[in-house]
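Please treat every number below as a calculation from the coordinates, not as lab data. Keep in mind the model is a prediction, meaning the values are calculated, not measured. Positions of Cβ are backbone-derived with ideal geometry, glycine not excepted, and every protein chain shown enters the neighbour counts.
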Amino acid sequence: MAKASLPMNEHPQYPGLPWVTGDLTIAAEVLEEIEAHARAEYPSECCGFVFGPADQARRLDASTREENEADKYHRMDPETFPRTSKEYFKINELRASRTMEEAEKAGRPLKVVYHSHCDAGAYFSDEDKATFSQNGTLMWPCAFLVVSVQEGEVVERKLWVHVPGSDDFQESPLMVR
């Protein structure tokens with residue numbers, strides 16, 4: 001029996017969740033809030049979640065700020081966690097898991113994890129890749145937004161999506177409306 005192929009815009013791990021493959025549209029006021037968060041936290045990295053209606057899979061219309069726990073972990077164990085919030089972000093994974101479950105039940109799935117880079121570009125770093133993909137497996141069912149803040153000002157933003165079967169990510173279009 002032939003194996004059924006997935007639609008072109010489906011991630012093989014997460015069929016039925018098209019936001020995982022990117023090509024998203026974000027409400028202008030939501031992007032403004034994310035960028036305000038990035039500026040407010042500078043010179044530390046910010047992080048948070050972006051949501052949208054389940055029946056408009058590629059629409060992003062709300063965000064929430066999350067605490068960057070990098071400094072807390074660095075203080076507890078600087079050998080295991082050598083980076084601080086100035087060059088790293090750490091989201092509480094239990095809180096993230098609960099947020100994903102609650103958002104799904106409410107019909108407003110968590111579609112994007114965002115964070116900022118300070119005085120660096122809006123690239124998806126090796127650390128980001130290692131956090132969100134292991135052995136070709138995407139760890140969280142979402143896309144990723146990176147906002148570059150340089151000298152306190154947002155200079156660029158890029159949406160990143162997982163390349164199935166690898167630990168790599170590629171840039172994807174993000175429309176602002």
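Here are some notes:
- Yes/no for ILE26 being touching a Cys at 6+ places or on another chain (Cβ under 8 Å) and either in contact (Cβ under 8 Å) with a residue 12 or more places away in the chain or farther than 21 Å from GLU171 by Cβ (or both): no
- Close contacts from region 121-135, counting a first residue that is touching a residue at least 40 places away in the same chain (Cβ under 8 Å) and closer than 27 Å to GLY152 by Cα and a second that is buried (at least 17 other Cβ atoms within 10 Å of the Cβ) and of a type in the set (Val, Ile, Thr), with Cβ to Cβ under 8 Å and a gap of 6+ residues or different chains, come to PHE124/VAL146; ASP128/VAL146.
- Matching residues in region 60-88 - criterion: being of a type outside the set (D, E, K, R) and either out of contact with any helix residue (DSSP H, G or I) (no Cβ under 6 Å at 6 or more places or on another chain) or closer than 16 Å to VAL112 by Cα (or both): LEU60, ALA62, SER63, THR64, ASN68, ALA70, TYR73, HIS74, MET76, PRO78, THR80, PRO82
- For region 138-163, the tally of residues that are farther than 20 Å from ASP23 by Cα and assigned to a loop (DSSP other than H, G, I, E, B) stands at 2.
- Condition check for VAL113: touching a Cys at 6+ places or on another chain (Cβ under 7 Å), touching a residue at least 60 places away in the same chain (Cβ under 8 Å) and within 27 Å of ALA28 (Cα to Cα): yes
- Within the option set ALA57, ALA38, being of a type in the set (A, V, I, L, M), surrounded by 14 or more Cβ atoms within 10 Å (Cβ to Cβ) and under 17 Å from SER148 (Cα atoms) holds for one residue only, ALA38.
- Complete set of residues in region 34-56 that are over 17 Å from PHE124 (Cβ atoms) and in contact with a Gly (Cβ under 9 Å, 6 or more places away or on another chain): HIS37, ARG39, TYR42, PRO43, PRO53, ALA54, ASP55
- Search result, residues across region 161-177 that are in contact with a helix residue (DSSP H, G or I) (Cβ under 8 Å, 6 or more places away or on another chain), of a type outside the set (Asp, Glu) and within 19 Å of GLU10 (Cα to Cα): VAL161, HIS162, PHE169, SER172
- Checking each residue in region 86-120 for being of a type in the set (Ser, Thr, Tyr) and crowded, with 21+ Cβ neighbours inside 10 Å picks out TYR88, TYR114, SER116.
- Number of positions in region 114-128 that are assigned to a strand (DSSP E or B) and closer than 26 Å to TYR14 by Cα: 3
- Within region 68-113, if we keep just the residues that are among the basic types (Lys, Arg) and assigned to a loop (DSSP other than H, G, I, E, B), the residue that is nearest to the chain's Cα centre (by Cα) turns out to be LYS90.
- When region 33-59 is filtered for residues that are free of Cβ contacts under 8 Å to residues at least 24 places away in the same chain and part of a loop (DSSP other than H, G, I, E, B), only GLN56 remains.
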